[in-house]
Amino acid sequence: MFDNVDFDSIDITQEPPEEEPARQYYFIAKCRKYVKEESERLGRPLFSVVRTFGCQMNARDSEKLSGILNAAGFEETEDENADLVIYNTCTVRDNANQRVYGRLGVLNGYKRRNPHMKICLCGCMMQEPSVIEKIRKSYSFVDLIFGTHNIFKFAQLLVEMYEADGMLIDIWKDTDQIVEKLPVQRKYPFKSGINIMFGCNNFCSYCIVPYVRGRERSREPEEILAEIKALAAEGVVEIMLLGQNVNSYGKNLKNPISFAELLRRVETIEGIERIRFMTSHPKDLSDELISVMKASKKICRHLHLPLQSGSTRILKEMNRRYTKEQYLLLAEKIRKEIPDISITTDIIVGFPGETYEDVLETIDVIKKVQYDNAFTFQYSKRTGTPAAAMENQVDKETVTKHFDEVLSVVQNTAKERAKLLEGVTMDALVEELNEHDKGLVTGRLSNNIIVHFKGTEELIGKIIPVALKECRGFYYLGEMV
Ligand code: 5AD
Ligand code: SF4
């Protein structure tokens, strides 16, 4: 996909080209010059660190940031006391924002001792005008701020940052531009995320994503398939197709194509053994998708199907466009067609006006669907969303009480579900050495369950049959067979 460009052969004494991605290659070349000069001055390499907050989309964006920093001549480190630190931020809930502000205080301390340090911020949180105001006022030591729509011009912004005096801010309100073929540095050699679409058009009433990620834009299927083929040629065996609402993929392309059809085409790519995707909106999940999943040898037995609430009344207020009954019917149909599938979900507790009766409806759905796992969140008020203006906000104490109750039901059902696999042998993709015991490796089953078993580093990236011996709550201890 990204043909290894020889950046040092680009003539940076000329004006930059207008077209992308050539323009960014030019700025990478220019950045290399600054990095080289600074590193000669210091007598050591320059170190950079990319820190990711939030979802899989951000994780993928961070790989793009790393790719550019790497091409620009930085060496990657984990230590935030580095020459360049970039935070790729999330704003889906307020605690993500608070963590960033907290960390910025620490970075300020580092920068006082190391004044040439550069601090950059990007991602969803930066799309909010109130955040920019606050950083301008209280965190004036930040060097560069950009948003979600112009991440492709990171190289250019780095150059402008090195040439600027003071804080550089470049935020776009929206874009229809998709720039391909920029360098990417993958975190894992054997698996990768792939953006198939950007943005969201759903406007769930609690959610800030449509405001910070913009309108839905799908990539051309040919571009996606070419990227996956290139990844397979590099040894990637598992891919995750990424979008806020993958089930509406392709509907707005000049030549419309369904998500199910895209999956059919991805399935034919040699070398790719496992296909995952994230996230499915229940209202758009088609029978065609279920039958493609059922027939597939490669699509993983895992479906993330956010419920948000089990109360039809709250779902309506949330603008989710399905009822409790419709969701239950859908889940039932999926379980019937693909019995070995694992269904996971997202749940919000404490949406404005939510009563204990509504919470009981949610618990009822959890028990009926028998989720294999669920992410449970306390409702967080996001300025600018319709739900933030609703008058009947639920008090913190009630939310916590309801949240604890939902969480305990979710955990119990998930444990019961996980236990069902005891004694079964399943394929695991080995992802890493076990964090705590280096004699063990950690693998992931098709259904997304984690298994630890005896093994060595050579197994990483391989798909291995493992007997699931002992269920430890949500994960397994196993043995290679
Ligand atoms: N408060 C709490 N949780 C939220 N989510 C999105 N917006 C909010 C909010 N304002 C949750 C939803 C979504 C997940 C990614 O984050 O459950 O599916
Ligand atoms: Fe947010 Fe709803 Fe879009 Fe998901 S589908 S990103 S919850 S607006």
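Relative contact order, percent, of the range 190-255 when contacts are C-alpha pairs under 8 Å separated by at least 6 residues? Please report the intermediate quantities before stating the final value.
On the way: 86 pairs, mean separation 32.6, N = 66.
Dividing the mean separation by the residue count of the range 190-255 yields 49 percent.
Measure out, as a whole number of angstrom, how far apart the alpha-carbon centroids of the range 310-339 and the range 1-48 sit.
Using only Cα atoms to place each centre, the spacing works out to 51 Å.
Report the net charge of residues surrounding Leu65, where surrounding means a beta-carbon distance below 11 angstrom and charges are Lys +1, Arg +1, Asp -1, Glu -1. Could the numbers behind the result be given before it?
Working: positive: Arg51, Arg60, Lys64; negative: Asp61, Glu63, Glu76.
Neighbour charge sum, excluding Leu65 itself: 0.
Output the antiparallel fraction of DSSP beta bridges having both residues in the chain, as a percent to the nearest 5. Intermediate values should be presented prior to the final figure.
On the way: 23 of 65 bridges.
So the antiparallel bridges amount to about 35 percent of the total.
Tell me the mean residue ellipticity at 222 nm calculated for the chain from its helices only (DSSP H runs of n ≥ 4, each -39500 (n - 2.57), averaged over every residue, nearest 500). Intermediate results must be reported in sequence, preceding the final value.
Values: 13 runs with 171 residues, N = 481.
Here the helix-only value at 222 nm equals -11500 deg cm²/dmol.
Classify the range 14-161 as rounded, prolate or oblate, taking a ≥ b ≥ c as the square roots of the eigenvalues of its Cα gyration tensor: rounded when a/c is under 1.5, otherwise prolate if a/b is larger than b/c and oblate if not.
On the way: a/c = 1.75, a/b = 1.24, b/c = 1.41.
Taking the square roots of the gyration eigenvalues as a ≥ b ≥ c, the range 14-161 is oblate.
Suppose a student asked you for the relative contact order of the chain, using Cα pairs under 8 Å spaced at least 6 residues apart; what percent would you report? The partial results should precede the final answer.
Values: 903 pairs, mean separation 46.7, N = 481.
Reported relative contact order: 10 percent.
Spelling out what I want: for every residue of the range 31-48, take phi, set θ = phi - 60°, compute 6.51 cos²θ - 1.76 cosθ + 1.60 (Karplus), and round to whole Hz; glycine and proline get x.
Once θ is set to phi - 60°, the couplings for the range 31-48 become 5, 4, 5, 4, 5, 5, 4, 5, 6, 5, 4, 7, x, 7, x, 8, 9, 10 Hz.
Among residues other than Phe203 whose Cβ falls under 15 Å from its Cβ, what is the net charge (Lys/Arg +1, Asp/Glu -1)? Spell out each step's value before the answer.
Numbers: positive: Arg213, Arg215, Lys283, Lys316, Arg320, Arg321, Arg382; negative: Asp174, Glu216, Asp284, Glu317.
The answer is +3.
Step through the residues of the range 227-237 one at a time and calculate ³J(HN,Hα) from phi using the Karplus curve (6.51 cos²θ - 1.76 cosθ + 1.60, θ = phi - 60°), rounding each to whole Hz and writing x for Gly and Pro.
With coefficients 6.51, -1.76 and 1.60, one gets 5, 5, 4, 5, 5, 4, 5, 8, x, 6, 10 Hz.
Any idea which of Tyr162, Thr148, Gly423 is furthest toward the positive side of the dipole for the chain, if Lys and Arg beta-carbons carry +1 and Asp and Glu beta-carbons -1?
The listed residue farthest towards the positive side: Gly423.
Work out the FRET efficiency for Glu458 and Asp287 from their Cβ-Cβ distance, taking R0 = 35 Å, and round it to the nearest 0.05. Don't skip to the end; give the middle numbers.
Working: r = 43 Å, r/R0 = 1.22.
Once the sixth-power term is evaluated, E becomes 0.25.
Under 5 Å between amide H atoms, partner at least 5 residues away or on a different chain: which partners does Asn195 have, H built in plane at 1.01 Å?
Leu242
What ³J(HN,Hα) values, in whole Hz, does the Karplus curve 6.51 cos²θ - 1.76 cosθ + 1.60 give for the range 62-74 when θ = phi - 60°, with x put for Gly and Pro?
5, 5, 5, 4, 4, x, 6, 4, 5, 5, 6, x, 7
Enumerate cysteines in the chain without a disulfide-compatible partner, where compatibility requires another Cys Cβ under 4.7 angstrom.
When partners are defined as cysteine Cβ atoms under 4.7 Å apart, the chain leaves Cys31, Cys55, Cys90, Cys120, Cys122, Cys124, Cys200, Cys300, Cys471 without one.
Starting from the coordinates of the alpha-carbon atoms of the chain, obtain the Kirkwood hydrodynamic radius over all distinct pairs and give the value in Å to one decimal.
24.1
Cα to Cα, under 23 Å, and not fewer than 8 places away if on the same chain: which lysines meet these conditions relative to Lys368?
Hits, sequence-local ones excluded: Lys283, Lys294, Lys316, Lys324, Lys333, Lys336, Lys401, Lys415, Lys419.
Once a ≥ b ≥ c are taken as the square roots of the eigenvalues of the Cα gyration tensor of the range 30-110, is the result rounded (a/c under 1.5), prolate (a/b larger than b/c) or oblate (a/b not larger than b/c)? Numbers along the way, then the final one.
On the way: a/c = 3.26, a/b = 1.64, b/c = 1.99.
Note, shape of the range 30-110 comes out oblate.
Out of all Cα-Cα pairs in the range 134-253, roughly what percent, to the nearest whole number, are more than 26 Å apart?
Numbers: 2523 of 7140 pairs.
That tail contains 35 percent of the Cα-Cα pairs.
Given +1 on the Cβ of Lys and Arg, -1 on the Cβ of Asp and Glu, and no further charges, what dipole in debye does the range 72-134 carry about its Cα centre, rounded to the nearest 20?
Values: 8 positive and 9 negative charges, 64 e Å.
My answer is approximately 300 debye.
In terms of modelled amide H atoms, which long-range or inter-chain residues lie less than 5 Å from the amide H of Gln378?
Long-range HN contacts for Gln378: Val349.
Could you work out the relative contact order of the range 17-123? I mean the mean sequence separation of Cα pairs under 8 Å and 6+ apart, divided by the number of residues, in percent.
Details: 129 pairs, mean separation 29.2, N = 107.
Value for the range 17-123: 27 percent.
Work from the charge dipole of the range 321-414 (Cβ charges, +1 for Lys and Arg, -1 for Asp and Glu, about the Cα centre) and give the residue of Pro386, Val410, Gly350 farthest towards its positive end.
Among Pro386, Val410, Gly350, the one farthest towards the positive end of the dipole of the range 321-414 is Pro386.
Provide Cys55, Cys200, Cys31 in ascending order of the number of other Cβ atoms located within 10 Å of each residue's Cβ, fewest first.
On the way: Cys55 17, Cys200 22, Cys31 27.
Fewest-to-most Cβ neighbours within 10 Å comes out as Cys55, Cys200, Cys31.
Since every read-out is calculated from the coordinates, none of them should be taken as a lab result. It should be emphasised that the depicted structure is a prediction, and the values quoted were computed from it without experimental measurement. Ideal geometry is used to build each Cβ from the backbone, glycine not excepted, and the neighbour counts take in all protein chains shown.
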